[in-house]
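Reading through the structure tokens given below for one structure.
The values are calculated or read from the model by the stated rules, or taken from the named source; none is laboratory data. Keep in mind it's a predicted model, so treat the numbers as computed, not measured. Every residue, glycine among them, receives a Cβ derived from its backbone with ideal geometry; neighbour counts consider all protein chains shown. For the accessible areas, the whole protein counts, side chains as well, though only heavy atoms, and no ligand, DNA or RNA atoms are used. Shrake-Rupley method; radii C 1.70, N 1.55, O 1.52, S 1.80 Å.
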Amino acid sequence: MTGFLGGYVVAMPLLGAYSDARGRAPVYAACMVAFAAGSAVTATSGLWSFAGLPWLVAGRVLQGLGGGGLVPLSLALAADLYRGSARTLALESVAGLQEAGSVFGPLYGATLAALAASAGGWRFVFWLNVPLAAICAIGLLIATRRASAPVRGATSSVDWIGAVLLGLGLGLLVVALYPDDPDHRATSALLIPAGIASVVFLALYGWRQVRRLEPLVPRDLLRSRTFIGAAAGNLLIGVALMVALVDVPVLGRLVFNLDQLGSGLLLSRFLVGIPVGALLGGWLAGRVGGRGAAVAGMALSAAAFLQMSTWPANELDLYFGPLRHSDIALAACGLGFGIVIAPLTAAVLALTRDQSHGLATSLVVLARTMGMMVGLSALTAFGLHRFHQILGTPVLTDPDLRTRVDHLARLVAAAFLQEYREIFSIAAAICALAAVVMLLTIDQRLRATAIK
């Protein structure tokens, strides 16, 4: 998982900038080739004496390198092909389809797991990526010649060294924060060396950008209050989003006593709201402006998280008409996250020239991804600490073993419930902070023109 994430983070800024110079479709197709190659390498791990765990990790890194470019390049393609209100609608559609994958992912995964048992085991899951990637790459190249050409006015010079320094710095930061053994420590065993190396690479990147005439991230963009606000907002959104993605299914299993499928279906209430919100966000931005839509989305998610922080142990038995309270809260929370996607992306694209759309969308997605990873690390550290604090050392004196076990199970469930209530409260505060940041930084009157 860490190998895939490392490749994913490194590829985002590099491939976004490269597509600005070389054309979206060829780079997108190359990403698909890399993803398919990484899938094949992963599927063949363990088949030969030399193809052990390092081979498996290498395949996952290669998958991440290919996958890291797909989301920002899709958004950049939409921005290249459409203008004005049509661009916002295109961005909504791409974001909505992207997030719809989160809804259908658990069902798709369950189907693959069932098929894999009779089709060669777990390797079947990775081999299946190869023809799917080929279909996507060939289809895109045939469908649009316009997207295959480099963007007019784009420079053919890409700062590969600067992009690699940035990617390595961010990737090492993820490695430093990623909890490799959460039962014994909150962060990675490589926290100090990887953290120091991350600071060194990011410092080298900053020094290189100051000295370069044309840096990877344009100075006008870095001086823009709207861009800084959108990046900070996406970072906070990523942190809060990880709370829902991780805690809701775990809460279902440890507190509500659901099985794995039931916990996944509980999370699907949240996931189904995201693509709907992604479509609603563009429409709302056209009525109240991008800033108003983004703030409204985060306010809705904050209110939903606040309600979730009051859930009792029998929450799944409480109904409001034909719907459960939990279903309404989860759907509203996902809806809020979906609403904010298109307005923030459109705000950043309005600040950039056409030849920089790939880089701009990469930075938007990268900020949210980094927020998710920081959120995962912080969530694990805080959750484990609070759980042990709340549970303490239970005193079990009943002579009957079964009674003591049942009592301990109830204490553990109560400790988990209290822990997740606090985490949901923190997530509500993070969403509220994101709303304030966007209210103060996003220019409501921003026109869809580029910084010169």
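Things worth noting here:
- Qualifying residue in the range 312-330 (condition: within 22 Å of Ser425 (Cβ to Cβ), open to solvent by 10 Å² or more (accessible area, probe 1.4 Å), outside any loop (DSSP other than H, G, I, E, B) and touching a residue at least 40 places away in the same chain (Cβ under 8 Å)): yes
- Total residues in the range 105-137, condition modelled with pLDDT under 75, open to solvent by less than 80 Å² (accessible area, probe 1.4 Å) and outside any helix (DSSP H, G or I): 2
- Looking only at the range 380-405, and only at residues there that are more than 38 Å from the chain's Cα centre (by Cα) and assigned to a helix (DSSP H, G or I), the one that is farthest from Trp311 (Cα to Cα): Leu401
- For the range 1-32, a residue qualifies if it is of a type in the set (Val, Ile, Thr) and open to solvent by less than 30 Å² (accessible area, probe 1.4 Å), and the qualifying residues are Val9, Val27.
- Check on Thr403, polar (S, T, N, Q), at pLDDT 75 or above and open to solvent by 50 Å² or more (accessible area, probe 1.4 Å): yes
- From the list Ala360, Ala296, Ala342, the one residue that fits, being in contact (Cβ under 8 Å) with a residue 40 or more places away in the chain, open to solvent by 10 Å² or more (accessible area, probe 1.4 Å) and among the small types (Gly, Ala, Ser), is Ala296.
- Matching option when the condition is at pLDDT 70 or above, more than 25 Å from Ala360 (Cβ to Cβ) and not in a loop (DSSP other than H, G, I, E, B), among Val200, Val164, Val174: Val200
- Of all residues in the range 183-197 being in contact with a helix residue (DSSP H, G or I) (Cβ under 9 Å, 6 or more places away or on another chain), open to solvent by 60 Å² or more (accessible area, probe 1.4 Å) and not in a helix (DSSP H, G or I), the one that is modelled with the highest pLDDT: Leu190
- Cβ-Cβ under 6 Å pairs, at least 6 apart or on other chains, the range 412-439 side farther than 15 Å from Phe337 by Cβ and at pLDDT below 90, far side open to solvent by less than 30 Å² (accessible area, probe 1.4 Å) and charged (D, E, K, R): Tyr420/Asp247
- The range 245-279, subset under 22 Å from Phe387 (Cα atoms) and charged (D, E, K, R), residue surrounded by the fewest Cβ atoms within 10 Å (Cβ to Cβ): Asp259
- Selection from the range 14-32 of residues that are aliphatic (A, V, I, L, M) and either in contact with a strand residue (DSSP E or B) (Cβ under 7 Å, 6 or more places away or on another chain) or modelled with pLDDT under 75 (or both): Leu14, Ala17, Ala21
- The single residue among Ala37, Ala79 that is touching a helix residue (DSSP H, G or I) at 6+ places or on another chain (Cβ under 8 Å) and in contact (Cβ under 8 Å) with a residue 40 or more places away in the chain turns out to be Ala79.
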